[in-house]
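Notes follow once the structure below has been shown.
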Amino acid sequence: MEFEGVVYKIMPPTSGTSARGEWKRQDVIFELPQEFSRKICVTFFNKESDVAMLREGMTCTVSVNIESREFNGRWYTDVRAWRIQPKTAEAAPAMPPMPDVPPVESEPSYAAGGASEVDDLPF
């Protein structure tokens, strides 16, 4: 699954040791920009470099796996990120500012023609 969200809060990392060795995880809260904003807590497991590039307020596209498991009659849901892509703001080419042009005070000489001139334009 993939979603686009804004980094709301970066939680402190936690670490531990399992039968497979050392592990580190860090939770990041994303806010989805919708009519009714929702927040999603995403876990980054052994991905310190991905979390290090995040800043609060940054918009990202996050790819996650969602899994639920049962333990002692209760169900727990885990949302784990496997890829994150910061959304780059596509900058429009900068337009140079328009020069200040003084207002026209008098009518140009070519526009001062009389009604006696023949206009050969079809419209």
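None of the figures in this text is laboratory data; all of them are computed from the coordinates on show. Keep in mind it's a predicted model, so treat the numbers as computed, not measured. Here Cβ is always computed from backbone atoms with ideal geometry, including for glycine, and neighbour counts include all displayed protein chains.
Per the Debye calculation on the range 2-86 with a single equal scatterer at every Cα and no solvent contribution, log₁₀ I(q)/I(0) for q = 0.13, 0.17, 0.23 Å⁻¹ amounts to -0.45, -0.73, -1.16. Put a plus charge on the Cβ of each Lys and Arg, a minus charge on the Cβ of each Asp and Glu, and nothing anywhere else: the dipole of the range 2-86 about its Cα centre is then about 220 debye. Each residue of the range 22-35 was assigned a 3J(HN,Hα) from its phi angle through the Karplus expression (A = 6.51, B = -1.76, C = 1.60, θ = phi - 60°), giving 6, 9, 9, 9, 9, 9, 10, 9, 10, 10, 8, x, 10, 4 Hz with x at Gly and Pro.
Here the peptides 56-68, 40-52 are ranked by packing, the mean other Cβ count within 10 Å, and the order with the highest first is 40-52, 56-68. When you count the other C-beta atoms within 10 angstrom of each residue and take the mean per peptide, 25-33, 9-17 line up highest first as 25-33, 9-17.
Extension gain, ARG69 to MET1, is 22.7 nm, computed as 0.36 nm per intervening residue step minus the present C-alpha separation. Of the beta bridges in the range 2-86, as assigned by DSSP with both residues counted there, near 95 percent are antiparallel.
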